[in-house]
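Comments concern the structure below.
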Protein chains: 2
Amino acid sequence: MSETNLNSGLNIAELGQQLRVDAVRCSAEAGSGHPTSSMSAADLMATLLARHLHYDVADPEEPNNDHLIFSKGHASPLLYALYKAAGAITDEELLTFRAFGSRLEGHPTPRLPWVDVATGSLGQGLPVGVGMALAGRYLDRLPYRVWVLCGDSELAEGSMWEAFEHAGYHRLDNLVTVVDVNRLGQRGATRHGWDTAAYARRIGAFDWHTIEIDGHDTEAIDQAYSEAARSERPTAIIARTVKGAGVAAVADQEGKHGKPLPDTDEAIDELGGVRDIRVPVTPPGSRAAPHAFGEVEPVKLPTYEAGDSVATRTAFGAALAALGSARPEVVGLDGEVADSTRMQKFADAHPDRFFECYIAEQQLVAAALGMQARGWIPYVATFAAFLTRAYDIVRMAAISGADLRLVGSHAGVAIGQDGPSQMGLEDLAAFRAVHGSVVLYPCDANQAAALVTALADYPGIAYLRTTRGDTPVLYSADEEFSIASSRVLRSSADDQVTVAAAGITVHEALQAADELAQQGVRARVIDLYSVKPVDAQTLRDAAAATGNIVTVEDHWPEGGLGDAVLDVFSHGDPSPHVLKLAVHGMPGSATPAEQMRAAGIDHTAIAEAVQYLVNR
Amino acid sequence: MSETNLNSGLNIAELGQQLRVDAVRCSAEAGSGHPTSSMSAADLMATLLARHLHYDVADPEEPNNDHLIFSKGHASPLLYALYKAAGAITDEELLTFRAFGSRLEGHPTPRLPWVDVATGSLGQGLPVGVGMALAGRYLDRLPYRVWVLCGDSELAEGSMWEAFEHAGYHRLDNLVTVVDVNRLGQRGATRHGWDTAAYARRIGAFDWHTIEIDGHDTEAIDQAYSEAARSERPTAIIARTVKGAGVAAVADQEGKHGKPLPDTDEAIDELGGVRDIRVPVTPPGSRAAPHAFGEVEPVKLPTYEAGDSVATRTAFGAALAALGSARPEVVGLDGEVADSTRMQKFADAHPDRFFECYIAEQQLVAAALGMQARGWIPYVATFAAFLTRAYDIVRMAAISGADLRLVGSHAGVAIGQDGPSQMGLEDLAAFRAVHGSVVLYPCDANQAAALVTALADYPGIAYLRTTRGDTPVLYSADEEFSIASSRVLRSSADDQVTVAAAGITVHEALQAADELAQQGVRARVIDLYSVKPVDAQTLRDAAAATGNIVTVEDHWPEGGLGDAVLDVFSHGDPSPHVLKLAVHGMPGSATPAEQMRAAGIDHTAIAEAVQYLVNR
C-alpha cells in the first residue's frame, strides 16, 4: 500500500516546486492569500498525492476514497494546486482563486466536491477528521484513511487535544495527522518554534504514534507515510519545515504571513519556473459498499396519552431510539450526559451506533460533522448551555453546508435548583444566528417525538431544545408537526390578544388564558414550536385579528422567541403591539416554579401582560 | 510554609469526615446537589484548608490571599462545608443550600465573597486559575498561590489543555491543580478510570510537575502540597479517590451522581456523626501592596481629522495603547493575531502588560477573567468570528458578574476575500444574548477611540466590534460618545424614513441618504453605535417623526442591530414600519464592495428599501 506504481518515476521534489509555484501564482493573481503557509507544506503534500493518497478524483462520492482535510485551511493555495496537479481543476480555474463567484475561496469549502468540510477556523480539521475516522472504523467499516494537514500554531487550540485524546483512546489507525511545523504563526514565532520533540512528547502522551522528520526531505516523508500505514495507532508526522520554503525573499521570515510574495516573477524563477506535472492519483483498492445496519422501515414512535406528564427530553430519547430502529443511518453522540439528555435510550437500543465523546463538546460536534460528511445522520445531545462550547464548530458547519441535529436539554430557568451555569438561556439566540438553521422547541412529548423524526431528513443545522421537567401531554400521538409551522391552541372570534409561546411557556400561556377567560378576556394562544423558520402567516393572521401579541420565553430577552416574532413584522408592513416577556435578571437557585415566577414568565406574568395591553 | 502551627494538633481525617457529613446534610436539606462528588475530595480539601491555604477569611479582598477555585463546581457542598469549617458561614446558612434567595447556589458564584469566579461549566476553573496565577506573577507581583480543584471527567475538555500548555510554558509555580480522580463521571466510568499515570503522562508532557497520590491518605496529601510549594513548575496532584467515599451505600457506584444520599441519617452515622470542628485558616504571610505600573492620568487619545480614512481596528489599537499609558491597570490579551486586531500597538507600548495567549481563545478569555477578579482591567482582542470559540467562557463570566472587554475585529462580509470562515456574522447576536452586556460597533476612528476609553470603567461584559478596512473619519476628535447613546447624522423636518446603521453600514447609509436627497426623498440617518443598550428614545423620536425605519447591518438577520431596534418597540407600544436589511446568503470570496452589494446591505440596497417604504 505504501508504494504505488502509478507515479514511481515521478520526481516528487519537482512536484513540490510546482505546488509552490502555483500557490504563488494564484495568490498573486488574487492579490491576497497565504502562499508562504502553502510553501512550507508543499513537499509533504506532493509526496502524499503522488504516493499515498487513494482517491478516485473523478468520483468524489466513492465511499472508499481517502479523505484529505486541510485543518490549516489558509493553505488553500496549496490544496488547489494539488487539485490542479491531480487533474481535478484546470490552471485557468486555479487562477480564479478568491474571485467573486469562484469556488476556490480564500479558505476551502465543500463547494468543491473534494472538500469534505469547510476549514479556516483553526483547530477544527483534526476533530472532524476524528469523526471521519470513527465513521470509517465503526460505521462505514471501510479501509479508507483520513489525512489531516495541521499547522503548528493551531496546536494551541484545545479542540486539537480533545481530538488527540479521542483518537488515541480509540486507537484510530486510519487517521494520520501531518503537522507542518514551520515555526512562524501569523504574528510571529510559535510557542515551541522548531522544537518538534515538544509536540511529539505531548501528542505521544495521548497514545499516538509520532514520527519527527524534515518536512522537505521527500524520502523521509515517504517513509513516514509508510510507517503510519503500518501503525496500529493514529500517527502524527511532525515535520520541521520552512515557511515560504524555496524563495529567499520570504523564507523563514516574520511579517510574510497571509500576503502575496513581494516579487512574483522572481519567485517563480527561483522555484524553477511554471511546470505542468500531472499526477494520476492512485484509486482506492477497495470498491466495497459501506456497512449498513439494517433496512429503512416506517418509524414506530412511542406515544403518550393526554393526561400523562412526560418531559420532552424523555420523549426525545425514546423517539431517537425508535428512529434508530427504523433508520439505520441514524447515529447518536453524547457529551457524557446521556442519562440527563435521555440519549441513553438510544445508546441502550443501538450501542453500535452510539458514540460517547465525554465532556469535550467541540469534539462531540466535530465528530458528528465528520460522520454526516460520510452520509450518516448524527444526532448530538448535551445540555443546551454546554453546546455554547461548540459554537465555532457549529458556525463552521453551516459554512460546510452540513446537516447536523443538535439537541440541548436543561433549557432555561425552569431547570430549577442547579442554577444559571446549567441553564441554556442564550441557545435560541445563538442557534437562530446560524446560517440556514432550524430551531425547534417542543412543549409536549408527542410533539417532541414528531419533531425528532422530522429532523432526520431536514437539511442544514437543526437545533432542538428540550425541557428537563415533566409537562402535560397536550397533543394526540397522531398529530403531525412540520417544521416552519405552529399550533393555535386557543382561539375565538373575540380574541383580544395573542400569546405566542414555546416549550415550557406554552403551559404557562394556557393557564394564563384560562385565568383570563374567567376575567372575561379572550386570549389566543399559539404554540410556536418552530422558532426558526417561524410560522409567519399564523402570526400575521393573529396580529390582524387581535392587534396585540405577548411573547413569552424562558430565555434572555435577546435573539429568542420574541425576536423571532418581531422579525415577522420587519418587512415594512404594519406591526401589532408586541410585548415581550423573557428572563431579565440573573437567576440563582430555586425551584422551577419559583424561577418562572421570579423571571416574570409564568402564567401570572402573562395574564398581567395581557391585561396591560387590553386595558391601556 | 508547608507546615503551620495553627492546626498542628488537628485530626485532618476527622475534618474530612465533617466535610462529608456537611455535604450530605445540605444536599439532603435541598433535595438535590452533588454530595458524592464532594465526598471524594473531602480529604484533599481538609488538608488544604488546615495546613496549606493562606487566606484571611475576614478579608476576602486582601490582595495577598491565596485563591481556591472549584473547577468542579458541582462539588459546591464541599466548598460550602469548607467555608463553615473556616468560620466564614454558619451551619444555619449551610442548610440554605440551593434555596430561593440563598447565596449558596447549586454551583458557586461570586455572590459569595470568597468565590472569585462562577464555575459549573466544567473545564473553566483551571484556565481562569492560570489567569490568576499570571496576575500574581506578572501584574500583582505577590506571592499568593492559586489552588484549583478539578474533576477527572473535565480533563476531556480542550480548555483544560489550553491551560496546561499555557501554565507549563510560563512555569507558573504559583499554580497547583488537584485532580480528584474518582473514576466516575455523571453517566458512568471515565475514559481512564483510576489510571492516574495516564493523566500524569499527559499533564507532565506539558511541562508540569506531577504527583500521584492516594487522595484519602492525609499524610500523602500533606506531603504533596509541600512538594508543590517547592516546585519551580506548576504542579498537578493527581489523586486517586473514591466517589462517595465513606458511605458504603454510594461509594464507587454508578448511578449515584448528582443526588442526595439514599439514607441521610444512616450516612451521617456511618461517617461518625455531625461534628463542629472550626479551622483557623492561616493568613497570608505577606501584606504587601500589589505592584502598580504607574499613576492614573488623563487619557491622551490619538486624534483623526475629517477626510482621513482609518480603520476602526487601527483606532482601537492606538487608543488602547494610549489608555494603557493613562491607566496602569489596563492589560491587553491577544490570540496570536495582534498584528491584525492592531492590539500590537498596545503590546509595543506596554510589553509588561501584554499577554500573548496564542490560538487558544478559551484560555485567552479565561485569563482575562482571572485578571479582572484581581482588579485589573483586561482588554481581549481577536477576530470576531473566533471569539465564538470562547462563548461558554463569556456566558459563565456574566454569571461571575465579571468585567470583561472583548474586541472582535474582521466583522462581517466587509472583510472581503478571506471568505466566511473569517467573518464575524453572529457576534452581535451572541454578545447581545449575554446577561447585562454592552455591544458597541463604532463607524469611525474618533468614535472607536472614545468608546475604547469609555469601556475601561464600565461594568459587565462589553463587546466592541471593529472593521478591517479603512473608513472615512466622520466625527471630530472632541466629540463625546457615551454608551447607550447614538448620533443622528442626517435629519430634517421632512424626513420620510429613518435609516438605522452602525459601523460599516453607517457609511453606506450616508451615501444612500445623499442619493435619495437627489431623488427628493429625505432620510434620517442614525449611527446606532451602541447596539446594546440601544438608544431607545432617539429611535422612538425617529419613529414618531418618520413612521418608517430601515435597519441595515453587516450580520445575519437574527439577533443583531435590526432586532435591537425592533426590541425598542416590544413593550406594547405602537411600532413604526420596520424593514430590516442584513446578510441572508452564505458569502464566498469577493472584494469588500462586491460582498456588500451581494449581501444587499450597501447604499444601493438601502436606497431601494427606502424607496419601497416611501412609495408603497
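The values are calculated or read from the model by the stated rules, or taken from the named source; none is laboratory data. On a predicted model such as this, the values are computed, not experimentally measured, just so you know. Counting neighbours? That spans all protein chains shown, and the Cβs are built from the backbone with ideal geometry, glycine included. Accessible surface is based on the protein model in full, side chains and every heavy atom, while ligands, DNA and RNA are left aside. Shrake-Rupley method; radii C 1.70, N 1.55, O 1.52, S 1.80 Å.
General observations
- Qualifying residue in the stretch A:447-458 (condition: over 12 Å from A:ASP527 (Cβ atoms), buried (at least 22 other Cβ atoms within 10 Å of the Cβ) and β-branched (Val, Ile, Thr)): yes
- Counting only residues that are on the phi > 0 side of the Ramachandran plot, without any contact (Cβ under 8 Å) to a residue 24 or more places away in the chain and open to solvent by 10 Å² or more (accessible area, probe 1.4 Å), the stretch B:546-600 holds 1 of them.
- Of all residues in the stretch B:81-95 being free of Cβ contacts under 8 Å to residues at least 40 places away in the same chain and in contact with a Leu (Cβ under 8 Å, 6 or more places away or on another chain), the one that is most open to solvent (accessible area, probe 1.4 Å): B:GLU93
- Any hit, the stretch B:97-119, residues being within 30 Å of B:HIS291 (Cβ to Cβ), among the small types (Gly, Ala, Ser) and either buried (at least 24 other Cβ atoms within 10 Å of the Cβ) or assigned by TED's automatic domain parsing to the domain that holds B:PHE164 (or both): yes
- Flag if A:THR604 is modelled with pLDDT of 95 or more and more than 10 Å from chain B (Cβ to nearest Cβ): yes
- Sub-6 Å Cβ pairs linking a first residue in the stretch A:187-207 that is under 13 Å from B:ILE203 (Cα atoms) and of a type in the set (Gly, Ala, Ser) to a second residue that is at pLDDT 95 or above and assigned to a helix (DSSP H, G or I), at least 6 apart or interchain, are A:ALA205/B:ARG201; A:ALA205/B:ARG202; A:ALA205/B:ALA205, ordered by first then second residue.
- Residues of the stretch B:419-469 satisfying the condition of being assigned to a helix (DSSP H, G or I), under 15 Å from B:ILE483 (Cα atoms) and charged (D, E, K, R): B:ARG432, B:ASP457
- Lone unmet requirement of (1) without any contact (Cβ under 8 Å) to a residue 24 or more places away in the chain; (2) more than 14 Å from chain A (Cβ to nearest Cβ); (3) in contact with a Leu (Cβ under 8 Å, 6 or more places away or on another chain) for B:MET45: (1)
- Scan of the stretch A:154-169 for residues that are in contact (Cβ under 8 Å) with a residue 40 or more places away in the chain and either of a type in the set (Ser, Thr, Tyr) or over 18 Å from B:GLU361 (Cα atoms) (or both), ordered by number: A:SER159, A:PHE164, A:GLU165, A:HIS166, A:ALA167, A:GLY168
- Candidate set from the stretch B:397-411 (those that are in contact with a Pro (Cβ under 9 Å, 6 or more places away or on another chain) and away from every other protein chain (no Cβ under 13 Å)); member that is surrounded by the fewest Cβ atoms within 10 Å (Cβ to Cβ): B:ASP403
- The single residue among B:ALA500, B:ALA513, B:ALA536, B:ALA543 that is at negative phi and touching a Pro at 6+ places or on another chain (Cβ under 7 Å) turns out to be B:ALA543.
- Restricting the stretch B:169-183 to residues that are touching a Lys or Arg at 6+ places or on another chain (Cβ under 7 Å) and open to solvent by less than 10 Å² (accessible area, probe 1.4 Å), the residue that is nearest to A:LEU155 (Cα to Cα): B:LEU172
- Checking A:GLY258 against (1) touching a Leu at 6+ places or on another chain (Cβ under 7 Å); (2) of a type in the set (Gly, Ala, Ser); (3) farther than 30 Å from A:TYR144 by Cα, the condition it does not meet: (1)
- Residues located in the stretch A:412-427, provided they are more than 7 Å from chain B (Cβ to nearest Cβ) and out of contact with any strand residue (DSSP E or B) (no Cβ under 6 Å at 6 or more places or on another chain): A:GLY412, A:VAL413, A:ALA414, A:ILE415, A:GLY416, A:MET423, A:LEU425
- Annotation note: Cβ proximity below 7 Å between a residue of the stretch A:522-538 that is assigned by TED's automatic domain parsing to the domain that holds A:ASP427 and over 23 Å from A:ALA512 (Cα atoms) and a residue that is open to solvent by less than 10 Å² (accessible area, probe 1.4 Å) and outside any loop (DSSP other than H, G, I, E, B) (sequence gap 6+ or interchain) occurs for no pair.
- Residues located in the stretch A:227-283, provided they are buried (at least 17 other Cβ atoms within 10 Å of the Cβ), more than 22 Å from A:THR47 (Cβ to Cβ) and charged (D, E, K, R): A:LYS256
- Put simply, of B:ALA523, B:ALA536, B:ALA542 the only residue that is modelled with pLDDT of 95 or more, surrounded by 24 or more Cβ atoms within 10 Å (Cβ to Cβ) and out of contact with any Leu (no Cβ under 8 Å at 6 or more places or on another chain) is B:ALA542.
- Among residues of the stretch A:284-320 being modelled with pLDDT of 95 or more and hydroxyl-bearing (Ser, Thr, Tyr), the one that is least open to solvent (accessible area, probe 1.4 Å) is A:THR312.
- Condition met for B:THR498 (assigned to a helix (DSSP H, G or I), crowded, with 24+ Cβ neighbours inside 10 Å and polar (S, T, N, Q)): no
- The stretch B:234-247, subset in a loop (DSSP other than H, G, I, E, B) and touching a helix residue (DSSP H, G or I) at 6+ places or on another chain (Cβ under 7 Å), residue nearest to B:MET132 (Cα to Cα): B:PRO234
- Within the set A:THR190, A:THR218, A:THR235, A:THR210, the sole residue that is at pLDDT 95 or above and under 27 Å from B:GLY335 (Cα atoms) turns out to be A:THR190.
- The C-beta contact set for the stretch A:342-365 (first residue farther than 14 Å from A:PHE293 by Cβ and touching a residue at least 12 places away in the same chain (Cβ under 8 Å), second residue open to solvent by 20 Å² or more (accessible area, probe 1.4 Å) and β-branched (Val, Ile, Thr), distance under 8 angstrom, 6+ apart or interchain) comprises A:ARG342/A:THR314.
- Filter result for B:LEU155 (within 27 Å of A:ASP152 (Cα to Cα), aliphatic (A, V, I, L, M) and facing chain A (nearest Cβ under 8 Å)): no
- Residues that are open to solvent by 60 Å² or more (accessible area, probe 1.4 Å), of a type in the set (Asp, Glu) and assigned to a helix (DSSP H, G or I), drawn from the stretch A:198-223: A:GLU219
- Residues of the stretch B:163-187 that are under 19 Å from A:GLU162 (Cβ atoms) and not β-branched (Val, Ile, Thr): B:ALA163, B:PHE164, B:GLU165, B:HIS166, B:ALA167, B:GLY168, B:GLY185, B:GLN186, B:ARG187.
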